[in-house]
Structure formats: structure tokens, C-alpha cells
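A short worksheet on the structure shown next.
The values are calculated or read from the model by the stated rules, or taken from the named source; none is laboratory data. Only a predicted model underlies this, so the values are computations on that prediction, with no experimental measurement involved. A quick note on method: Cβ atoms are made from the backbone with ideal geometry, for glycine too, and the neighbour counts reach across all protein chains shown. Accessible surface areas use protein heavy atoms only, side chains included; no ligands, DNA or RNA. Shrake-Rupley method; radii C 1.70, N 1.55, O 1.52, S 1.80 Å.
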Amino acid sequence: MATTTLSKPALQPKGSAGAAPNRRPKTPLSRILATVIVSVLAVAWLVPFAWATATALKSETDAASTPISWIPASGFTLDAFAKVLQSGNIPTWTLNSLFTSAAITAITLVISASVAYAISRIDFRGKRMLMGVIVASIIIPPPVLIIPLFQQMQSLNLIDTYWALILPQVIHSPMVFVLKKFFDQIPRELEEAALMDGAGRLRIFTTIVLPLSRPILAAVAIFVFIGAWNNFLWPFIATNESSLLTLPVGLQTIKSAYGIQYAQNMASALLAALPLIVVFLFFQRQIIRGVATTGLAGT
């Protein structure tokens, strides 16, 4: 049986022709100016996070006292975190968020990659119309679809189930568009060589296209996971069962029970953001590369 050696293709934008653009060398003054601007922006971004952390480490009396100050009069304490952890079912809500976010990410990757590859490589009737519908659906605000989705889940008797949390979140038109654009850049010669060796479309997709697309698939997976984890509106509407609540929704019920408790509000917000901070620390290189190469931050 004939074998074909496949190497990773050089995926370059059309028209670049491999030529490096002419760039003016940066002067020391411009580097210092850029460093100062980036440092100021970084400090401005960190101030709200530092204030939330300082407030979460105060007692409720110090958090509500005036004039406001960074250093509490009675010292820092972990009472707000302890009360939040004791009042709610944090482990169950965290597991629910982890399970639903992982399921949404896995299903979204399978659906989006399959649709994107079909549109990129297979000619079929209605292909242009399907691509037009996908692009047009990107501009539809998700809250507009809340009522139709709820009625659909209710007609299927899926309200207050994991399926109600997962299924409406697995269709991501921007991800299909991004993956389709990436698949377009993969040389067709690789697939034609595999076809001559007798490989089918499914085998080409799973053994050639997907391995070559690991960077973009990782970027899509990270952004879908973050979006599913942070989603509050749909899980809040889709379930009232306490054992099925996700972490953002569950923490909101604690805040509602206590009214305005500034320290506990900030502590619950930090607890909800903590898993995403861990994800960013482990996958920051992939996230930055994904934003730089795909523009997913603007989708």
C-alpha cells in the first residue's frame, strides 16, 4: 500500500507570498512610551480587582463604613468567604458549572468543526445560503432568542434538566465562521493525496484536518468554555432546581438572601472568577495566540 508523508502546511494569509513586511525599527523613546502606556493601562485594569479583593477581606462593618479606605480599621478577615461557603452549596454548583461547560465545549467543537469543514470542502446545494444564514446569525443578539428557546425546552419537557442548560448553548455561529476560514487555508493537495490512497472524507477529516487544526481548535475550546462558565442569563432562566444551579447563578441566590452585603458580594464574585483565573494562568499562551490570530475576542 502506498504511503504518503504529510507535513504541517505553512498557513499564510493570501497575498503575503512569504515576504516579511517592512517595518520601521523602534526607537528607545517609542519603547519607553509604549511601556509607560501599557503599565498605566495594566494598573487601571488591576484597580477594580484589587478593590474587590480588599473589600472581600473586610468585615461587613468596615466594608460599609465611610469614608471608604483600602485598609480596614479592624484588620483583614476571611469571614466573608467563610459565610459564603457555609451559606451555599458551592461544591455542587462548581461541579455543575464544570460539567455543563465541558459538555458545551465538547459538543460545540464537534458540531462547529464538522459544519465548517463541510462548508469549506464539500460542494452541495444551498451551500451559499447556509453560509449566509450562519454569517447573518452572528449579528442576532442572544437575548432575543431567550423566549423561543425557553418555549422549545418547555415543549420538550427539558426544563430543570442538564439538557436545558447544555443544548441551547452548543450552536456558535462565530466559531463555525472562524473554523471555516482556517480550513480554507489548509492546502487541498494534502487531501487529494489521501483521496488517491483510498481515504474517505471522514478519515481525511479526523486524521489530517483536525491534527493540523489543533491551535485553532484549542483557541475555540478555551473561548467557548469561558463563555459557558460566565453565562448567567440562560442558566438562571432554564432551571430553578437548587441541585442544578451553576456557580454564577447559585452565588446570586446567596447575595439575594443576604441583601446588600458588600464583603460577601465581593467574596462570591472572586470565588466565581477563581476557576477562570486558573484557566487563564495555565492556558494564557493559547488564549493570547487565539485572540491574535482569530479575533475571537470581538465575537
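Below are the figures for this structure:
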quantity: Nearest-0.05 FRET efficiency for GLU241 and LYS181, computed from C-beta distance (R0 41 Å); calculated: 0.55
quantity: Carbon and sulfur %, accessible surface of the chain computed with the full protein complex present, 1.4 Å; calculated: 67 percent
quantity: ARG203/SER155 FRET efficiency (R0 25 Å; Cβ-Cβ; nearest 0.05); calculated: 0.05
quantity: All-pairs Cα distance distribution in the stretch 214-255, expressed in whole percent, bin size 5 Å; calculated: 5, 23, 25, 16, 12, 10, 7, 3, 0
quantity: Ellipticity estimate at 222 nm from DSSP helix runs (n ≥ 4, -39,500 (n - 2.57)) divided over the chain, nearest 500; calculated: -21000 deg cm²/dmol
quantity: Normalised per residue, the volume of the convex hull around the Cα set of the stretch 110-168 (Å³); calculated: 109 Å³
quantity: Full-stretch length increase - LEU29, ILE260 - with 0.36 nm per residue and alpha-carbon distance subtracted; calculated: 78.3 nm
quantity: Rg(Cα)/(2.2 N^0.38 Å) for the stretch 185-288, N = residue count; calculated: 1.67
quantity: Inter-site label distance for ILE111 and GLU189 at 7 Å from Cα along Cβ, in nm; calculated: 3.7 nm
quantity: Helical segments meeting 20 Å axial Cα length and Kyte-Doolittle -0.5 threshold in the chain (DSSP H); calculated: 28-56, 90-121, 214-230, 262-294
quantity: Shape call, the chain: gyration tensor on alpha carbons, a/c limit 1.5; calculated: oblate
quantity: The stretch 68-130: equivalent-ellipsoid semi-axes (sqrt of 5 x gyration tensor eigenvalues, Cα, Å); calculated: 51, 17, 8
quantity: Residue-level accessible surface for ILE122, protein heavy atoms, 1.4 Å, Å²; calculated: 60 Å²
quantity: Extension gain (nm, one decimal) between GLN284 and ALA73, 0.36 nm per residue minus Cα-Cα; calculated: 72.2 nm
quantity: Among LEU210, LEU109, LEU251, residue whose mean-square fluctuation peaks in a GNM of the chain (springs only between Cα atoms under 10 Å); calculated: LEU210
quantity: Convex hull volume of the stretch 53-190 per residue (C-alpha atoms, cubic angstrom); calculated: 219 Å³
quantity: Where labels lie 7 Å past Cα in the beta-carbon direction, separation of LEU274 and ARG214 in nm; calculated: 3.2 nm
quantity: Inter-part distance where the stretch 113-152 and the stretch 73-90 are each reduced to a Cα centre, Å; calculated: 45 Å
quantity: In the stretch 40-148, the trypsin sites (Lys or Arg not before Pro) that fall in loop regions by DSSP, at most 16 other Cβ within 10 Å; calculated: ARG125
quantity: Whole-number D in µm² s⁻¹ for the stretch 116-248, Kirkwood Cα-pair radius fed into Stokes-Einstein, 10 °C, 1.306 mPa s; calculated: 92 µm²/s
